[in-house]
Amino acid sequence: MAFLSKSAFSSFAKSDPPSPSPEATPPDNNNNILAEDRLREAEDRLREAIEELQRRQRRNRGLHECAPPCEHADESCIAHAIGNLCQTFLLSYGVRVGIGILLRAFKLARRQSYSSLLDLKQLVSEKDLIVREEACRIGLLFGGFTGSYHLLRCLLRKFRKKETPFNAILAGSVAGLSILALDDPSRRRTLALYLLARLGQCAYNSAKSKNKFHLWGSHWSHGDSLLFALACGQVMYAFVMRPESLPKSYQDFIQKTGPVAKPIYKAVRDSCRGSPIDVVSLSAYLSNSKASSSLKIQEFPSIIPCSMIHPDTNSCLQHNAKAASATFRKTFPLYFSLTFVPFVVLRLQKFMDSPARTCWLAVKGAVRSTTFLSSFVGIFQGVICLHRKVAVKDHKFVYWLAGGFAALSVLLEKKARRGELALYVLPRAGDSLWYILVNRHFLPDIKNAEVALFCLCMGGIMYYLEHEPDTMAPFLRGIIRRFLASRITNPPPSANRTASYLYLQNLEAAEKPKLLDSSNGTEAPASEKLNLESIPGL
């Protein structure tokens, strides 16, 4: 039943006054305004009648409605789920192994062992390339989620006999148990917090597009950089003062990227807390430096001087320049691998069409990202040295400020990348803050809380992916559709929708530009006004 009932239509027709003839209507502005008001009232009554009719139709269909058909009519639900599982498993496994092989190749080339690049035993042997278990776990995570999500969607569609947003939320939440494929709780917690940040981004964009909520300052052009600075401040504070609050792999990455040794960080930590420093280990580290003979180590120093932080270099400026240069050389292979391998695997056809352009874009992006990270290290070390030039006592808050100032180097990245970097570092900061609050008994220590959080976030993410995809960042939307839901397509607008529903949608769409034009006073394309992807920051 896709038309108005006789009673609803008759009441609508009676309440609508007859339109005056063109000859009887004077060309007066007041009459035009009255005519527009009558037309608007008529549209409102028609909308109410259509909505009431749709409610009655849903109640009448109730239990008599058949389950909507699945979108994979050419194969069974189980075969469809298994196909998605295998496809996503192989895709994610290939990306992880490809990154590992490319990093191994850079390592061999750095040793000037170019002939070994052609030796498969050295290039991909399990002894030197230990990625098989990790790649399998990542494949099980992504593939297991995709397969179980599609299977649960089909079961819910047939069991509930209707397609609603609740299906996507419940299927995504249950399929989120695939996170158990990762055996490291810290990695699961980091991934769960990353999705929580992304879910918050989607929810905020959705509320903002509906004029329900708006954060002060969200229109700032550098709001994403500010968020990145706040997150980096927490991460660098945690690395110096509470390294146990960060994942082991993240600690090792920061340690290898920076120019300061672990004994120095430990001495700085003890000094800020007023504890005695380990003179023996610090003396053993400084014994091989150039200025070891002139250094006097105290058990309770008020501040660790620059002569101990960089004992081989007298000039702080020279030390910071060397640190930035060394960081560039060490991290360029990593960034190139993370840029080149996913592009080739995920866009193989484009790579085959223009391999030279793909390599050039990968090199260009890697150079830009490596320059950003090198500048971050140089600025962080510069702030630490500057503090020692003007202060005689150390304080742990200095390292939070140093991380925030160093984060200004993100301005070297593209505008689109800044928001991605902010939402990447934000979960790391939240992870360390979570650990610190639990350690101080401000939050309860709930076992496997990260698994429950991941499941809830995946339910929300899948809802926004299928029903409000414009609220999601293009990068995340593309990654999820390519990895986690490679065969998902948004439901067609005409599926299980009556003509009255389509008329109502067209009516609302026609009114939106009018309201925008009357409020702004200027005309602009609707896509430009309602484009959520152009929102800066969050």
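Some observations on this one:
- Residues of the stretch 102-114 classified as assigned to a helix (DSSP H, G or I), open to solvent by 50 Å² or more (accessible area, probe 1.4 Å) and at pLDDT 65 or above, total: 4
- Filter result for LEU91 (closer than 30 Å to LEU338 by Cα, modelled with pLDDT of 75 or more and among the aliphatic types (A, V, I, L, M)): yes
- The lone criterion from (1) surrounded by 18 or more Cβ atoms within 10 Å (Cβ to Cβ); (2) at pLDDT below 80 left unmet by ALA473 is number (2).
- Within the set VAL280, VAL344, the sole residue that is assigned by the TED database to the domain that holds VAL392, part of a helix (DSSP H, G or I), under 30 Å from LEU102 (Cβ atoms) and at pLDDT below 85 turns out to be VAL344.
- When the stretch 384-401 is filtered for residues that are open to solvent by less than 40 Å² (accessible area, probe 1.4 Å) and in contact with a Gly (Cβ under 9 Å, 6 or more places away or on another chain), only TYR399 remains.
- Test: residue in the stretch 313-330 that is touching a His at 6+ places or on another chain (Cβ under 8 Å) and either open to solvent by 50 Å² or more (accessible area, probe 1.4 Å) or free of Cβ contacts under 8 Å to residues at least 60 places away in the same chain (or both): yes
- Residue in the stretch 355-372 that is surrounded by fewer than 20 Cβ atoms within 10 Å (Cβ to Cβ), over 23 Å from LEU103 (Cβ atoms), among the small types (Gly, Ala, Ser) and out of contact with any strand residue (DSSP E or B) (no Cβ under 6 Å at 6 or more places or on another chain) present: no
- Checklist (1) open to solvent by 80 Å² or more (accessible area, probe 1.4 Å); (2) of a type in the set (S, T, N, Q); (3) closer than 28 Å to TYR265 by Cβ applied to GLN349, failing item: (3)
The values are calculated or read from the model by the stated rules, or taken from the named source; none is laboratory data. From a predicted model like this one, the values you see are computed outputs, not experimental measurements. FYI the Cβ positions are ideal-geometry reconstructions off the backbone, even for glycines, and counts take in every protein chain you see. Surface accessibility is based on the protein's heavy atoms, side chains included, excluding ligands, DNA and RNA. Shrake-Rupley method; radii C 1.70, N 1.55, O 1.52, S 1.80 Å.
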